[in-house]
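Quick notes on the structure that follows.
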Amino acid sequence: MQLGVIGLGTMGGNLARNAARNGATVVLYNRTSSKTDAFMEGYGSEGDFLPTKTIAEFSQNLKGPRAILLMVSAGEAVDATIKELLPHLSKGDVLIDGGNSHYRETEVREGQLKGSGSHFIGMGVSGGESGALLGPSLMPGGSEEGFRTVEPLLTKMAADDGDGGKCIAHLGPGGAGHFVKMVHNGIEYALMQLIAEAYDVLKSIGGYNNEQLAETFEAWNGIPEYKSFLLEITGKIFRKRDGEDYLVDRIKDTAKQKGTGKWTTDAAMSYGVAIPTINAAVDARILSGRERSPDLPRFIDIHDPLPRPQKLRALVTAALELSTISAYQQGFELLKSASDEEKWDLPLAEVARIWKGGCIIRSVLLRWFELAQSGSPSKEEAAKDALLERFRGERQTDWRRVIEMGVSRGVPTPAMAASLAYYDTIRREDLPQNLVQAQRDFFGAHGYQRIDKSGEFHTEWTK
């Protein structure tokens, strides 16, 4: 069992180590040879590694059919590497792009490789530095024949799903794998922003200190139905000190992004799917990098009393949970719409399953989304009922109250508010867009439909 790995950055290097730990002979190449040397010095004793200095040497040391994993920067670097590899590829070889490539570029590359007789796989990889080494969630798409060639090794490398399976599944043709990873990252943006807003409400309104925040997030992660990777690491972040200070308080409040969140919002617009929580999270990162205006006038007239700390924590618990469910739902709606339009036939239950372990957005909540799309009527109904039950009664009241408190005290909660607006919009029987359509007909003669008659109508509004 062999695997060639091109690109020995953090993710590429750890995936190479993961493959070696699972019995593969791993042939290594990095454009900068010093990085290959450093890898061998640090990890060469962990497994059967074969370092190479050129693409030709790299290709010669892999036996056919070759399995090659590209872990280089998305975009031009991927194309340049493929161009350099092409003269050395043979029929049946499998080329896997494991970076965060745009799914449309993946489709183009798959078409290019078909002519050579080689297979191309666009594979999303989630789990960060630790996941790449110990077991990531793997989201391959593209050539199914090529995937079957590398499936045994990739399955060993993938994380456990908690139910006896592995966090890997072939998701469909073309760019399906990279599209799923892109949406995963969009959901990731949303969940991180929601957690940040929960933190802000507790700190800025409730006066929680870092020890109390750490205990809160640890307690939330200890509740069986809330447990998630992001809650787990957030509790640890609040305990980390930098000398006498807490490190989180010394970090500049500017969150950067690499583009997958924006790609998700672009795709949602293209497919006509509403993902307001994800959009709000992308906007929040953009705004965090803009020049602030602290001198803008601020007038707050607060009439409602502030709840006691433990009560506030209970309110925020509900707001975070329901907003999180809403964010996941928006992501799955986008996946379904894209799958229908692209004819990918995405296995949505499998997507939820392989997100249950290894990846950044892993959470026990995903078991309900897995069952809700399982194809079993009884399981689907039970899962949907279980999710809807979370929105009944006091939890929903608490959700609304947290957003109200944020608004009344000048603490922005854009992602929570977007989640609630999404929920209220799909819940409402009647929306005010009847007025919008009337306006469109008034100035542009765009027509409208009626609730009491069939057909398309237009009115001369000024007559």
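Which angle from 0 to 90°, rounded to the nearest 10, does the C-alpha axis of helix 76-85 make with the longest principal axis of the chain?
Helix 76-85 and the main axis of the chain meet at about 20 degrees.
Need one value: the accessible area of Asp304 in square angstrom, 1.4 angstrom probe, rounded to the nearest 10.
Approximately 50 Å² for this residue.
Roughly speaking, to the nearest percent, how much of the chain's 1.4 Å accessible area is carbon and sulfur?
Of all accessible area on the chain, carbon and sulfur atoms account for 51 percent.
What are the ³J(HN,Hα) couplings of segment 203-216, residue after residue, when phi is run through the Karplus curve with 6.51, -1.76, 1.60 and θ = phi - 60°? Round to Hz, x for glycine and proline.
7, 7, 9, x, x, 5, 8, 5, 5, 5, 5, 4, 5, 5
When the convex hull of the Cα atoms of segment 67-222 is projected onto a plane and the area is averaged over all directions, what value comes out in nm²?
Over every viewing direction, the Cα hull of segment 67-222 projects on average to 11.1 nm².
Count neighbours as other Cβ atoms within 10 Å of each site's Cβ, and list the chymotrypsin sites (Phe, Trp or Tyr not before Pro) in segment 280-363 that are DSSP loop with at most 13 such neighbours.
On the way: sites: Phe299, Tyr328, Phe332, Trp344, Trp355; in loops: Phe299, Trp344, Trp355.
The qualifying sites are Phe299.
Quick check on segment 1-80: take the gyration tensor over C-alpha atoms, sort the square-rooted eigenvalues as a ≥ b ≥ c, and tell me if it's rounded (a/c under 1.5), prolate or oblate. Walk me through the numbers before you get to the answer.
Working: a/c = 1.43, a/b = 1.16, b/c = 1.23.
Cα axes put segment 1-80 in the rounded bin.
Give the shape of segment 223-328 as rounded, prolate or oblate, defined through the alpha-carbon gyration tensor: a ≥ b ≥ c are the square roots of its eigenvalues, a/c under 1.5 means rounded, and otherwise the shape is prolate if a/b is larger than b/c and oblate if not.
Cα axes put segment 223-328 in the rounded bin.
Quick check: the distance between the Cα centres of segment 388-420 and segment 103-118, to the nearest angstrom?
Cα centroid of segment 388-420 versus Cα centroid of segment 103-118: 46 Å apart.
How tilted is helix 176-200 with respect to the longest principal axis of the chain? Cα atoms for both, answer in degrees (0 to 90, nearest 10).
50 degrees
Just the accessible area for Tyr226, please: 1.4 Å probe, Å², rounded to the nearest 10?
40 Å²
Enumerate by residue number the trypsin sites (Lys or Arg not before Pro) in segment 360-449 meeting two conditions: DSSP loop (anything except H, G, I, E, B), and at most 13 other Cβ atoms within 10 Å of the site's Cβ.
Filter output for segment 360-449: Arg392, Arg428.
Summing -39500 (n - 2.57) over the DSSP H runs of n ≥ 4 in the chain and dividing by its residue number, what mean residue ellipticity at 222 nm do you reach, to the nearest 500 deg cm²/dmol?
On the way: 19 runs with 248 residues, N = 463.
Helices in the chain give a 222 nm mean residue ellipticity of -17000 deg cm²/dmol.
Heavy atoms only, 1.4 Å probe, whole protein assembly: order Thr459, Thr413 by accessible area, highest first.
My answer, sorted largest first, is Thr459, Thr413.
Calculate, for the chain, the solvent-accessible area per residue in square angstrom, rolling a 1.4 angstrom probe over the heavy atoms of the protein chains.
Computed with neighbouring chains in place, this is 49 Å² per residue.
Please calculate the 1.4 Å probe accessible area of Ser270, with all protein chains present, and give it to the nearest 10 Å².
80 Å²
Match the structure shown to one of the listed values (1) 22, 49, 25, 4, 0; (2) 24, 58, 18, 0; (3) 21, 44, 30, 5, 0 of P(r) over Cα pairs in 20 Å bins from 0, in percent, computed from it, and give that label.
Checked against the structure: label (1).
With all protein chains present and a 1.4 Å probe, how do Glu429, Glu333, Glu129 order by accessible area, largest first?
On the way: Glu429 170, Glu333 70, Glu129 120 Å².
Result of the area sort, largest leading: Glu429, Glu129, Glu333.
Mind running the shape call on segment 389-434? Use the C-alpha gyration tensor, a ≥ b ≥ c as the square roots of the eigenvalues: rounded below 1.5 for a/c, prolate if a/b tops b/c, oblate otherwise.
Judged from the Cα gyration tensor, segment 389-434 comes out oblate (a/c at least 1.5, b/c at or above a/b).
Using the Cα atoms as the points, what is the convex hull volume per residue of segment 387-463 in Å³?
Convex hull of Cα atoms, per residue: 168 Å³.
The values are calculated or read from the model by the stated rules, or taken from the named source; none is laboratory data. Bear in mind that the values here come from a model prediction, so they are computed numbers and not experimental data. Virtual Cβ from ideal backbone geometry, glycine too; neighbours counted across all protein chains shown. Protein only, heavy atoms only, side chains kept; ligands, DNA and RNA dropped before computing areas. Shrake-Rupley method; radii C 1.70, N 1.55, O 1.52, S 1.80 Å.
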